[in-house]
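Before any comments, here is the structure.
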Amino acid sequence: MNNNFLVAIRDFLKVYPDSILVGAFAIRLGDYVRPVEEPRSTSDVDFVLESNDFVEFVLSNQEIPDKLKDNFITSKRHQFEHKNGVGIDILSHVMKSDFQMNRELLNFMMENLDKCSNIVTKYQITLRIAKPEFIIGSKLRYIIGNPKGIRKKDYEADCERVLRYLLSENKMENKDLVFIYLWPVEKDLWNEMEETARIQIQAD
């Protein structure tokens, strides 16, 4: 594990300890892949802020909140670069973005930390990691809305890895809850990916 990532995560959590780690790094630290597979490498870290922290963050009306200035510089709104070069992206239901995201699901995650995340300790860091079904749900809208997007194949591969893990370990526990916040076309895509994952597991 690259130490720069761990330092950036640790410094961010000093300020926002209830943030939920999502994205490729959550798949890695959450061990949401089968032992025979490797999680995707990534160049940045994605967090969803707890609701009250996000309100404070927005109301600060600064490029970067004072509490982050010791260790982070701003690159773009809601995207920060640690002084060691690691990028931290903050996802939220109100942020402006250049790609589609499931704002309803993100809002639910911000308001319901315990339902959507597990508290784990890895590499001497205690943090909240999104439950695997919520990671899948958070990626589907981009996949559907950006058919030529540069992240589409990576996001598809992430979802497929996590689905193979959930099915092989019989740990699919939050699908129905996530489905409440998905469009019909997203549900269809999930089910297609899940069926493909079942076939792949049987073939292994």
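Of all residues in region 168-204, those satisfying the criterion of being part of a helix (DSSP H, G or I), within 20 Å of the chain's Cα centre (by Cα) and of a type in the set (A, V, I, L, M) are Leu177, Val178, Leu189, Met193.
Within region 12-55, restricting attention to residues that are part of a loop (DSSP other than H, G, I, E, B) and among the hydrophobic types (A, V, I, L, M, F, W, C), which residue is nearest to Ile119 (Cα to Cα)?
Here is the first cut: in region 12-55, the ones part of a loop (DSSP other than H, G, I, E, B) are 16-19, 30-43, 49-50.
Right, trim to among the hydrophobic types (A, V, I, L, M, F, W, C) and you get 33, 36, 49.
Numbers: Val33: 18, Val36: 25, Leu49: 15 Å.
Filtering region 12-55 for residues that are part of a loop (DSSP other than H, G, I, E, B) and among the hydrophobic types (A, V, I, L, M, F, W, C), the one nearest to Ile119 (Cα to Cα) comes out as Leu49.
Annotation: Tyr32 fulfils all but one of (1) modelled with pLDDT of 95 or more; (2) crowded, with 17+ Cβ neighbours inside 10 Å; (3) over 15 Å from the mean Cα position of the chain (by Cα); the unmet one is (3).
From the list Ile119, Ile150, exactly one residue is surrounded by fewer than 16 Cβ atoms within 10 Å (Cβ to Cβ), among the hydrophobic types (A, V, I, L, M, F, W, C), modelled with pLDDT under 95 and farther than 17 Å from Val33 by Cβ. Which is it? Walk me through it before giving the result.
Values: Ile119 fails: modelled with pLDDT under 95.
None of the others qualify; the one that does is Ile150.
Among the conditions (1) in a loop (DSSP other than H, G, I, E, B); (2) in contact with a Lys or Arg (Cβ under 6 Å, 6 or more places away or on another chain), the only one that Ile119 does not satisfy is (1). Going residue by residue through region 71-94, is there one that turns out to be among the aromatic types (Phe, Trp, Tyr), surrounded by fewer than 17 Cβ atoms within 10 Å (Cβ to Cβ) and at pLDDT below 95? No, there is no match, as no residue in region 71-94 is among the aromatic types (Phe, Trp, Tyr), surrounded by fewer than 17 Cβ atoms within 10 Å (Cβ to Cβ) and at pLDDT below 95.
The values are calculated or read from the model by the stated rules, or taken from the named source; none is laboratory data. All of these numbers come straight from a predicted model, not from anything done at the bench. With ideal geometry, Cβ positions are generated from the backbone for all residues, glycine too; neighbour counts draw on all protein chains shown.
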